[in-house]
Amino acid sequence: MGTIYLFRKTQKSLLGKLSQEFRLVTADRRSWKILLFGAVNVICTGFLLTWCSSTNSMALTAYTYLTIFDLFSLLTCLISYWAMVKKSSPTYSFGYERFEVLAVFASTVLAQLGALFILKESAERFLEQPEIHTGRLLVGTFVALFFNLFTMLSIRNKPFVYVSEAASTSWLQEHVADLSRSLCGIIPGLSSIFLPRMNPFVLIDIAGAIALCITYMLIEINNYFAVDTASAVAIAVMTFGTMYPMSVYSGKVLLQTTPPHVIGQLDKLVREVSTLDGVLEVRNEHFWTLGFGTMAGSVHVRIRRDANEQMVLAHVTNRLQTLVSSLTVQIFKDDWARPVLASGPMPSNMLNMTDHHVIQMPSLKTLNDELSPMTSTPSKPSSPPPEFAFNTPGKNINPVILTNTQTRPYGMGLNYTPYGGTFNQGLGVPGIAGTQGIRTGLSNVANRYGTYTPGQFTQFKQ
(Lines give C-alpha, C1' and ligand atoms only; values in the text may rest on other atoms or scores of the structure.)
Protein backbone atom coordinates (compact mmCIF):
# COMPACT_ATOMS: atom_id res chain seq x y z
CA MET A 1 0.00 0.00 0.00
CA GLY A 2 1.36 3.39 -0.95
CA THR A 3 0.59 6.89 0.21
CA ILE A 4 -3.04 7.93 -0.17
CA TYR A 5 -3.44 11.35 -1.75
CA LEU A 6 -6.71 13.10 -1.08
CA PHE A 7 -6.43 15.42 -4.06
CA ARG A 8 -5.23 13.74 -7.24
CA LYS A 9 -2.79 15.70 -9.35
CA THR A 10 -3.95 16.81 -12.75
CA GLN A 11 -2.51 14.80 -15.61
CA LYS A 12 0.08 16.49 -17.80
CA SER A 13 -0.69 17.31 -21.40
CA LEU A 14 1.11 15.73 -24.33
CA LEU A 15 3.34 18.79 -24.71
CA GLY A 16 4.22 18.65 -21.03
CA LYS A 17 5.15 14.97 -21.24
CA LEU A 18 7.32 15.60 -24.30
CA SER A 19 9.13 18.47 -22.58
CA GLN A 20 9.75 16.28 -19.54
CA GLU A 21 11.25 13.50 -21.66
CA PHE A 22 13.31 16.05 -23.60
CA ARG A 23 14.81 17.37 -20.38
CA LEU A 24 15.61 13.81 -19.40
CA VAL A 25 17.49 13.24 -22.66
CA THR A 26 19.34 16.55 -22.63
CA ALA A 27 20.74 15.73 -19.21
CA ASP A 28 23.28 13.55 -21.05
CA ARG A 29 26.10 15.55 -22.72
CA ARG A 30 26.23 13.19 -25.68
CA SER A 31 22.75 14.24 -26.74
CA TRP A 32 23.89 17.85 -27.27
CA LYS A 33 26.16 16.72 -30.10
CA ILE A 34 23.25 14.94 -31.77
CA LEU A 35 21.05 18.02 -31.41
CA LEU A 36 23.76 20.18 -32.97
CA PHE A 37 24.10 17.87 -35.96
CA GLY A 38 20.33 17.80 -36.29
CA ALA A 39 20.12 21.59 -36.46
CA VAL A 40 22.86 21.70 -39.13
CA ASN A 41 21.04 18.96 -41.05
CA VAL A 42 17.81 20.96 -41.16
CA ILE A 43 19.67 24.01 -42.52
CA CYS A 44 21.55 21.93 -45.11
CA THR A 45 18.38 20.18 -46.23
CA GLY A 46 16.63 23.51 -46.68
CA PHE A 47 19.42 24.79 -48.95
CA LEU A 48 19.47 21.56 -50.97
CA LEU A 49 15.71 21.61 -51.56
CA THR A 50 16.01 25.20 -52.76
CA TRP A 51 18.78 24.24 -55.19
CA CYS A 52 16.73 21.28 -56.42
CA SER A 53 13.92 23.67 -57.30
CA SER A 54 16.28 26.12 -59.09
CA THR A 55 18.11 23.44 -61.08
CA ASN A 56 14.97 21.40 -61.80
CA SER A 57 17.05 18.25 -61.23
CA MET A 58 15.29 15.09 -60.13
CA ALA A 59 18.62 13.34 -59.44
CA LEU A 60 19.62 16.03 -56.94
CA THR A 61 16.19 15.69 -55.29
CA ALA A 62 16.70 11.94 -54.90
CA TYR A 63 20.13 12.56 -53.38
CA THR A 64 18.69 15.18 -51.02
CA TYR A 65 16.34 12.53 -49.65
CA LEU A 66 19.43 10.79 -48.26
CA THR A 67 20.10 13.93 -46.21
CA ILE A 68 16.54 13.74 -44.86
CA PHE A 69 17.23 10.12 -43.97
CA ASP A 70 20.28 11.33 -42.00
CA LEU A 71 17.92 13.48 -39.96
CA PHE A 72 15.83 10.37 -39.16
CA SER A 73 18.96 8.47 -38.17
CA LEU A 74 19.91 11.27 -35.75
CA LEU A 75 16.46 11.08 -34.18
CA THR A 76 16.90 7.30 -33.87
CA CYS A 77 20.21 7.83 -32.08
CA LEU A 78 18.51 10.29 -29.72
CA ILE A 79 15.76 7.74 -29.00
CA SER A 80 18.45 5.15 -28.29
CA TYR A 81 19.97 7.40 -25.60
CA TRP A 82 16.51 7.99 -24.16
CA ALA A 83 15.83 4.23 -23.99
CA MET A 84 19.10 3.72 -22.11
CA VAL A 85 18.18 6.35 -19.51
CA LYS A 86 14.60 5.21 -18.99
CA LYS A 87 13.99 2.40 -16.52
CA SER A 88 11.45 -0.36 -16.83
CA SER A 89 7.94 0.30 -15.55
CA PRO A 90 4.84 -1.86 -14.94
CA THR A 91 3.56 -0.81 -18.36
CA TYR A 92 6.87 -1.57 -20.10
CA SER A 93 8.23 -4.42 -18.03
CA PHE A 94 11.00 -5.23 -20.54
CA GLY A 95 12.20 -1.64 -20.81
CA TYR A 96 12.08 0.78 -23.73
CA GLU A 97 14.50 -0.92 -26.12
CA ARG A 98 11.79 -1.69 -28.64
CA PHE A 99 11.34 2.03 -29.28
CA GLU A 100 14.68 2.21 -31.05
CA VAL A 101 13.70 -0.84 -33.12
CA LEU A 102 10.51 0.93 -34.09
CA ALA A 103 12.50 4.07 -34.95
CA VAL A 104 14.82 2.13 -37.27
CA PHE A 105 11.88 0.42 -38.95
CA ALA A 106 10.05 3.74 -39.47
CA SER A 107 13.19 5.47 -40.85
CA THR A 108 13.94 2.74 -43.39
CA VAL A 109 10.32 2.49 -44.50
CA LEU A 110 10.10 6.27 -45.00
CA ALA A 111 13.29 6.17 -47.06
CA GLN A 112 11.76 3.47 -49.27
CA LEU A 113 8.58 5.51 -49.66
CA GLY A 114 10.70 8.47 -50.77
CA ALA A 115 12.42 6.23 -53.32
CA LEU A 116 9.04 5.12 -54.67
CA PHE A 117 8.00 8.76 -54.97
CA ILE A 118 11.16 9.48 -57.00
CA LEU A 119 10.40 6.54 -59.29
CA LYS A 120 6.88 7.83 -59.86
CA GLU A 121 8.09 11.36 -60.70
CA SER A 122 10.81 9.98 -62.93
CA ALA A 123 8.30 7.93 -64.92
CA GLU A 124 6.38 11.14 -65.63
CA ARG A 125 9.56 12.94 -66.68
CA PHE A 126 10.42 10.27 -69.23
CA LEU A 127 7.31 11.33 -71.17
CA GLU A 128 8.21 15.03 -71.11
CA GLN A 129 11.79 15.79 -70.12
CA PRO A 130 12.29 19.40 -68.83
CA GLU A 131 15.49 21.40 -69.15
CA ILE A 132 18.08 20.98 -66.38
CA HIS A 133 20.16 23.91 -65.10
CA THR A 134 23.61 22.82 -63.97
CA GLY A 135 24.57 26.02 -62.15
CA ARG A 136 24.28 24.60 -58.63
CA LEU A 137 24.04 20.92 -59.46
CA LEU A 138 27.67 20.08 -58.77
CA VAL A 139 27.82 22.36 -55.70
CA GLY A 140 24.74 20.71 -54.18
CA THR A 141 26.22 17.25 -54.85
CA PHE A 142 29.43 17.93 -52.92
CA VAL A 143 27.64 19.70 -50.07
CA ALA A 144 25.27 16.76 -49.60
CA LEU A 145 28.12 14.21 -49.89
CA PHE A 146 30.29 16.02 -47.36
CA PHE A 147 27.51 16.44 -44.85
CA ASN A 148 26.30 12.83 -45.16
CA LEU A 149 29.76 11.33 -44.70
CA PHE A 150 30.59 13.71 -41.86
CA THR A 151 27.37 12.80 -40.04
CA MET A 152 27.77 9.05 -40.52
CA LEU A 153 31.41 8.97 -39.43
CA SER A 154 31.24 11.50 -36.57
CA ILE A 155 28.32 10.03 -34.62
CA ARG A 156 28.19 6.37 -33.75
CA ASN A 157 24.59 5.44 -34.29
CA LYS A 158 24.29 2.22 -32.31
CA PRO A 159 20.93 0.99 -33.70
CA PHE A 160 21.86 1.51 -37.35
CA VAL A 161 25.35 0.09 -36.90
CA TYR A 162 23.89 -3.09 -35.41
CA VAL A 163 21.23 -3.40 -38.13
CA SER A 164 23.71 -2.84 -40.95
CA GLU A 165 25.90 -5.64 -39.60
CA ALA A 166 23.12 -8.09 -38.68
CA ALA A 167 20.87 -7.65 -41.71
CA SER A 168 21.51 -9.43 -44.98
CA THR A 169 23.69 -7.71 -47.57
CA SER A 170 22.09 -5.53 -50.21
CA TRP A 171 22.59 -6.12 -53.92
CA LEU A 172 24.81 -3.02 -54.07
CA GLN A 173 27.12 -4.41 -51.38
CA GLU A 174 27.34 -7.75 -53.18
CA HIS A 175 28.36 -6.10 -56.45
CA VAL A 176 31.00 -3.97 -54.74
CA ALA A 177 32.40 -6.86 -52.68
CA ASP A 178 34.46 -8.32 -55.55
CA LEU A 179 35.90 -4.91 -56.42
CA SER A 180 36.74 -4.32 -52.75
CA ARG A 181 38.69 -7.59 -52.50
CA SER A 182 40.71 -6.73 -55.58
CA LEU A 183 41.43 -3.23 -54.30
CA CYS A 184 42.42 -4.51 -50.84
CA GLY A 185 44.78 -7.00 -52.51
CA ILE A 186 46.66 -4.07 -54.03
CA ILE A 187 46.37 -1.76 -50.99
CA PRO A 188 46.10 -3.93 -47.82
CA GLY A 189 45.53 -0.88 -45.63
CA LEU A 190 42.02 -0.43 -47.02
CA SER A 191 40.81 -3.80 -45.70
CA SER A 192 39.51 -2.20 -42.50
CA ILE A 193 37.20 0.05 -44.57
CA PHE A 194 36.03 -2.18 -47.41
CA LEU A 195 36.08 -5.63 -45.76
CA PRO A 196 34.25 -7.79 -44.81
CA ARG A 197 31.60 -5.60 -46.40
CA MET A 198 31.40 -1.90 -46.92
CA ASN A 199 29.16 0.30 -44.82
CA PRO A 200 25.86 0.51 -46.78
CA PHE A 201 25.24 4.17 -45.92
CA VAL A 202 28.71 5.30 -47.00
CA LEU A 203 28.39 3.16 -50.11
CA ILE A 204 25.10 4.67 -51.22
CA ASP A 205 26.39 8.21 -50.54
CA ILE A 206 29.44 7.64 -52.74
CA ALA A 207 27.44 5.87 -55.47
CA GLY A 208 24.86 8.69 -55.57
CA ALA A 209 27.57 11.34 -55.80
CA ILE A 210 29.23 9.46 -58.69
CA ALA A 211 25.87 9.28 -60.54
CA LEU A 212 25.36 13.06 -60.12
CA CYS A 213 28.87 13.82 -61.36
CA ILE A 214 28.24 11.74 -64.50
CA THR A 215 24.92 13.55 -64.97
CA TYR A 216 26.63 16.94 -64.71
CA MET A 217 29.29 16.04 -67.29
CA LEU A 218 26.84 14.60 -69.83
CA ILE A 219 24.51 17.59 -69.57
CA GLU A 220 27.39 20.05 -69.89
CA ILE A 221 28.89 18.27 -72.88
CA ASN A 222 25.87 17.06 -74.90
CA ASN A 223 22.86 18.70 -73.21
CA TYR A 224 21.57 15.20 -72.60
CA PHE A 225 18.84 16.04 -70.05
CA ALA A 226 17.36 12.54 -69.92
CA VAL A 227 20.42 11.33 -68.04
CA ASP A 228 19.23 13.32 -65.02
CA THR A 229 16.05 11.24 -64.87
CA ALA A 230 18.05 8.03 -65.36
CA SER A 231 20.37 9.02 -62.48
CA ALA A 232 17.34 9.73 -60.28
CA VAL A 233 15.98 6.24 -61.02
CA ALA A 234 19.39 4.70 -60.23
CA ILE A 235 19.67 6.56 -56.90
CA ALA A 236 16.08 5.58 -55.96
CA VAL A 237 16.72 1.91 -56.78
CA MET A 238 19.97 1.93 -54.76
CA THR A 239 18.17 3.57 -51.83
CA PHE A 240 15.36 1.03 -51.91
CA GLY A 241 17.78 -1.92 -52.21
CA THR A 242 19.88 -0.65 -49.30
CA MET A 243 17.00 0.07 -46.92
CA TYR A 244 14.92 -3.02 -47.66
CA PRO A 245 17.08 -5.61 -45.76
CA MET A 246 17.19 -3.32 -42.73
CA SER A 247 13.45 -2.84 -42.65
CA VAL A 248 12.94 -6.60 -42.96
CA TYR A 249 15.31 -7.30 -40.06
CA SER A 250 13.78 -4.67 -37.77
CA GLY A 251 10.29 -5.84 -38.76
CA LYS A 252 11.13 -9.39 -37.68
CA VAL A 253 12.34 -8.04 -34.34
CA LEU A 254 9.03 -6.22 -33.88
CA LEU A 255 7.19 -9.48 -34.66
CA GLN A 256 9.07 -11.21 -31.80
CA THR A 257 10.72 -13.83 -33.96
CA THR A 258 13.82 -15.81 -33.07
CA PRO A 259 16.96 -14.79 -35.02
CA PRO A 260 18.05 -17.59 -37.38
CA HIS A 261 21.70 -17.45 -36.33
CA VAL A 262 20.92 -18.33 -32.66
CA ILE A 263 18.35 -21.09 -33.19
CA GLY A 264 21.01 -23.83 -33.11
CA GLN A 265 22.58 -22.46 -29.92
CA LEU A 266 19.18 -22.20 -28.23
CA ASP A 267 18.32 -25.80 -29.13
CA LYS A 268 21.62 -26.95 -27.65
CA LEU A 269 20.99 -25.07 -24.42
CA VAL A 270 17.46 -26.47 -24.12
CA ARG A 271 18.80 -30.02 -24.53
CA GLU A 272 21.38 -29.35 -21.81
CA VAL A 273 18.65 -28.06 -19.49
CA SER A 274 16.53 -31.19 -20.08
CA THR A 275 19.44 -33.36 -18.87
CA LEU A 276 19.86 -31.54 -15.54
CA ASP A 277 19.28 -33.48 -12.33
CA GLY A 278 15.61 -33.43 -11.35
CA VAL A 279 14.33 -32.05 -14.68
CA LEU A 280 11.71 -34.27 -16.34
CA GLU A 281 10.53 -32.08 -19.22
CA VAL A 282 11.15 -28.69 -20.81
CA ARG A 283 8.15 -27.36 -22.72
CA ASN A 284 6.44 -24.19 -23.95
CA GLU A 285 9.79 -22.56 -24.65
CA HIS A 286 9.61 -19.27 -26.54
CA PHE A 287 12.55 -16.99 -27.29
CA TRP A 288 12.44 -13.72 -29.19
CA THR A 289 14.52 -10.61 -29.83
CA LEU A 290 13.58 -7.83 -27.47
CA GLY A 291 15.89 -5.19 -28.91
CA PHE A 292 19.09 -4.97 -30.92
CA GLY A 293 21.39 -7.47 -29.25
CA THR A 294 18.94 -8.28 -26.44
CA MET A 295 16.89 -11.47 -26.24
CA ALA A 296 13.99 -12.42 -24.01
CA GLY A 297 12.37 -15.76 -23.38
CA SER A 298 10.10 -17.89 -21.23
CA VAL A 299 10.15 -21.61 -20.52
CA HIS A 300 8.21 -24.14 -18.39
CA VAL A 301 10.22 -26.82 -16.57
CA ARG A 302 8.61 -29.91 -15.03
CA ILE A 303 10.67 -31.47 -12.26
CA ARG A 304 10.44 -34.48 -9.93
CA ARG A 305 8.42 -34.29 -6.74
CA ASP A 306 11.53 -34.73 -4.60
CA ALA A 307 13.66 -32.17 -6.50
CA ASN A 308 14.70 -28.82 -5.04
CA GLU A 309 12.89 -26.06 -6.92
CA GLN A 310 15.40 -23.31 -6.12
CA MET A 311 18.36 -25.45 -7.12
CA VAL A 312 16.81 -26.41 -10.45
CA LEU A 313 15.81 -22.79 -11.10
CA ALA A 314 19.36 -21.61 -10.48
CA HIS A 315 20.86 -24.19 -12.84
CA VAL A 316 18.33 -23.51 -15.62
CA THR A 317 18.82 -19.74 -15.37
CA ASN A 318 22.61 -20.14 -15.37
CA ARG A 319 22.49 -22.17 -18.59
CA LEU A 320 20.05 -20.04 -20.56
CA GLN A 321 21.20 -16.56 -19.53
CA THR A 322 24.32 -16.90 -21.67
CA LEU A 323 22.06 -16.03 -24.64
CA VAL A 324 18.77 -14.86 -23.10
CA SER A 325 19.19 -11.80 -20.89
CA SER A 326 15.52 -11.36 -19.91
CA LEU A 327 14.45 -14.86 -18.91
CA THR A 328 11.27 -16.11 -17.21
CA VAL A 329 11.35 -19.69 -15.87
CA GLN A 330 8.29 -21.39 -14.37
CA ILE A 331 9.02 -24.47 -12.27
CA PHE A 332 6.28 -26.94 -11.42
CA LYS A 333 6.52 -30.41 -9.94
CA ASP A 334 5.29 -33.64 -11.44
CA ASP A 335 1.51 -34.02 -11.04
CA TRP A 336 1.10 -37.80 -11.09
CA ALA A 337 -1.89 -39.01 -9.00
CA ARG A 338 -1.47 -41.23 -5.91
CA PRO A 339 -3.59 -44.38 -5.40
CA VAL A 340 -6.68 -43.91 -3.25
CA LEU A 341 -5.82 -46.72 -0.77
CA ALA A 342 -2.33 -45.38 -0.18
CA SER A 343 -3.50 -41.88 0.59
CA GLY A 344 -5.80 -42.92 3.46
CA PRO A 345 -8.64 -45.21 4.58
CA MET A 346 -11.31 -46.04 2.07
CA PRO A 347 -14.51 -44.04 2.49
CA SER A 348 -17.29 -45.91 4.20
CA ASN A 349 -19.82 -45.24 1.47
CA MET A 350 -17.65 -46.45 -1.43
CA LEU A 351 -18.96 -50.07 -1.36
CA ASN A 352 -22.48 -49.31 -0.26
CA MET A 353 -24.99 -51.22 -2.36
CA THR A 354 -28.63 -50.77 -2.85
CA ASP A 355 -31.03 -52.90 -0.84
CA HIS A 356 -31.66 -55.49 -3.56
CA HIS A 357 -29.65 -56.53 -6.58
CA VAL A 358 -31.32 -58.68 -9.22
CA ILE A 359 -29.10 -60.98 -11.24
CA GLN A 360 -30.93 -62.20 -14.31
CA MET A 361 -29.96 -65.77 -15.16
CA PRO A 362 -29.78 -66.66 -18.87
CA SER A 363 -32.54 -68.89 -20.14
CA LEU A 364 -31.85 -72.31 -21.54
CA LYS A 365 -33.68 -71.47 -24.75
CA THR A 366 -31.19 -68.78 -25.54
CA LEU A 367 -28.29 -71.10 -24.81
CA ASN A 368 -29.77 -73.84 -26.97
CA ASP A 369 -29.99 -71.41 -29.85
CA GLU A 370 -26.27 -70.76 -29.62
CA LEU A 371 -24.60 -73.93 -28.34
CA SER A 372 -25.32 -77.62 -28.63
CA PRO A 373 -25.80 -79.28 -25.20
CA MET A 374 -23.90 -82.42 -26.32
CA THR A 375 -20.96 -80.96 -28.18
CA SER A 376 -20.91 -77.33 -26.97
CA THR A 377 -20.68 -76.23 -30.58
CA PRO A 378 -22.92 -73.79 -32.41
CA SER A 379 -25.97 -75.44 -33.89
CA LYS A 380 -28.35 -74.27 -36.54
CA PRO A 381 -31.77 -73.04 -35.39
CA SER A 382 -33.49 -75.52 -37.74
CA SER A 383 -31.56 -78.61 -36.51
CA PRO A 384 -33.58 -81.11 -34.44
CA PRO A 385 -32.91 -81.47 -30.71
CA PRO A 386 -30.37 -84.09 -29.65
CA GLU A 387 -31.48 -87.68 -29.07
CA PHE A 388 -30.46 -87.68 -25.43
CA ALA A 389 -31.34 -84.49 -23.63
CA PHE A 390 -31.39 -84.02 -19.92
CA ASN A 391 -33.58 -81.77 -17.91
CA THR A 392 -30.74 -79.40 -17.17
CA PRO A 393 -31.06 -77.58 -13.80
CA GLY A 394 -31.74 -73.90 -14.15
CA LYS A 395 -34.04 -74.23 -17.11
CA ASN A 396 -36.80 -72.21 -15.49
CA ILE A 397 -34.82 -70.69 -12.65
CA ASN A 398 -36.10 -67.47 -11.16
CA PRO A 399 -33.89 -64.39 -10.76
CA VAL A 400 -31.73 -64.49 -7.63
CA ILE A 401 -32.37 -61.57 -5.30
CA LEU A 402 -29.46 -60.56 -3.07
CA THR A 403 -29.94 -58.37 -0.06
CA ASN A 404 -27.50 -56.40 2.01
CA THR A 405 -28.36 -58.30 5.17
CA GLN A 406 -26.06 -61.26 4.44
CA THR A 407 -22.76 -61.67 6.18
CA ARG A 408 -20.01 -59.83 4.30
CA PRO A 409 -16.34 -60.77 4.11
CA TYR A 410 -13.88 -59.13 6.46
CA GLY A 411 -12.21 -55.96 5.30
CA MET A 412 -13.43 -53.13 3.10
CA GLY A 413 -16.16 -52.31 5.57
CA LEU A 414 -17.63 -55.88 5.78
CA ASN A 415 -18.28 -58.26 8.68
CA TYR A 416 -16.11 -61.23 9.63
CA THR A 417 -17.31 -64.67 10.72
CA PRO A 418 -14.78 -66.77 12.70
CA TYR A 419 -14.01 -70.36 11.77
CA GLY A 420 -15.35 -71.62 15.08
CA GLY A 421 -18.86 -70.62 14.15
CA THR A 422 -18.64 -72.56 10.92
CA PHE A 423 -17.72 -75.83 12.69
CA ASN A 424 -20.39 -75.26 15.27
CA GLN A 425 -22.96 -75.21 12.49
CA GLY A 426 -22.34 -78.90 11.77
CA LEU A 427 -19.25 -79.21 9.61
CA GLY A 428 -17.75 -82.47 10.84
CA VAL A 429 -14.83 -84.72 10.18
CA PRO A 430 -15.34 -88.33 9.02
CA GLY A 431 -14.79 -90.98 11.62
CA ILE A 432 -15.62 -88.84 14.58
CA ALA A 433 -18.52 -89.85 16.74
CA GLY A 434 -21.52 -87.68 16.69
CA THR A 435 -21.25 -87.01 13.00
CA GLN A 436 -23.10 -88.68 10.15
CA GLY A 437 -20.77 -88.58 7.22
CA ILE A 438 -19.80 -85.26 5.77
CA ARG A 439 -22.55 -82.72 6.02
CA THR A 440 -22.14 -79.10 5.27
CA GLY A 441 -23.29 -76.41 7.59
CA LEU A 442 -24.71 -74.39 4.71
CA SER A 443 -28.03 -76.16 4.42
CA ASN A 444 -29.91 -72.89 4.60
CA VAL A 445 -27.98 -71.15 1.80
CA ALA A 446 -30.88 -71.27 -0.62
CA ASN A 447 -33.22 -69.71 1.93
CA ARG A 448 -30.78 -66.94 2.71
CA TYR A 449 -29.56 -66.10 -0.75
CA GLY A 450 -32.64 -66.76 -2.82
CA THR A 451 -36.10 -68.19 -2.99
CA TYR A 452 -36.07 -71.97 -3.16
CA THR A 453 -38.97 -73.79 -4.80
CA PRO A 454 -39.32 -77.60 -4.44
CA GLY A 455 -38.93 -79.37 -7.70
CA GLN A 456 -36.93 -76.56 -9.09
CA PHE A 457 -33.74 -78.62 -9.10
CA THR A 458 -33.37 -82.36 -9.77
CA GLN A 459 -32.54 -84.38 -6.60
CA PHE A 460 -29.69 -86.83 -6.82
CA LYS A 461 -29.45 -89.38 -4.00
CA GLN A 462 -26.28 -91.09 -2.94
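Oblate is the label for segment 85-210. Its Cα gyration tensor axes, ordered a ≥ b ≥ c, give a/c of at least 1.5 and b/c at or above a/b.
Computed from label points 7 Å out along Cα-Cβ, the spacing between Tyr92 and Arg181 is 4.3 nm. A viscosity of 1.002 mPa s and a temperature of 20 °C, combined with the Kirkwood radius over Cα pairs in Stokes-Einstein, give a translational diffusion coefficient for segment 222-302 of 131 µm²/s. The length gained on full extension between Ser274 and Val85, counted as 0.36 nm times the residue separation minus their Cα-Cα distance, comes to 64.3 nm.
Take the residue pairs Lys33/Lys87; Lys86/Lys333; Lys86/Lys252; Lys87/Lys333 and return only those whose Cα atoms are more than 29 Å apart. The answer is Lys86/Lys333; Lys87/Lys333.
Ranking Phe146, Phe332, Phe99 by solvent-accessible area of protein heavy atoms (1.4 Å probe, all protein chains present), from largest to smallest, gives Phe146, Phe99, Phe332.
Calculate the FRET efficiency for Arg305 and Gln129 from the Cβ-Cβ distance with a Förster distance of 60 Å, rounded to the nearest 0.05. So the FRET efficiency works out to roughly 0.15. All C-alpha to C-alpha distances of segment 201-255, sorted into 5 Å bins beginning at zero, yield P(r) values of 4, 19, 21, 16, 14, 10, 7, 5, 3, 1, 0 percent in whole numbers. Taking 0.36 nm per residue of sequence separation and removing the Cα-Cα distance, the Thr257/Val40 pair yields an extension gain of 74.3 nm. Per the Debye formula on identical point scatterers at the alpha carbon atoms of segment 27-135, with no solvent, log10 I(q)/I(0) at q = 0.14, 0.19 Å⁻¹ is -0.70, -1.00. Shape class of segment 118-173 from the alpha-carbon gyration tensor: oblate, with a/c at 1.5 or above and b/c at least as large as a/b. Let me make sure I get this right: for segment 145-186, a, b and c are the square roots of the gyration tensor eigenvalues over alpha carbons, sorted descending. Under 1.5 in a/c it's rounded, otherwise prolate if a/b > b/c, else oblate. Which is it? It comes out oblate by the Cα gyration axes.
Other residues whose C-beta falls under 13 angstrom from the C-beta of Thr258 contribute a net charge of -1, scoring Lys and Arg +1 and Asp and Glu -1.
Just add up the charged neighbours of Pro159: K/R +1, D/E -1, any other residue whose Cβ is under 10 Å from the Cβ of Pro159. Summing Lys and Arg as +1 and Asp and Glu as -1 gives -1.
The values are calculated or read from the model by the stated rules, or taken from the named source; none is laboratory data. All values reported here derive from a predicted model rather than from experimental measurement. A quick note on method: Cβ atoms are made from the backbone with ideal geometry, for glycine too, and the neighbour counts reach across all protein chains shown. Quick note on the areas: whole protein, heavy atoms, side chains included, nothing else; ligands and nucleic acids left out. Shrake-Rupley method; radii C 1.70, N 1.55, O 1.52, S 1.80 Å.
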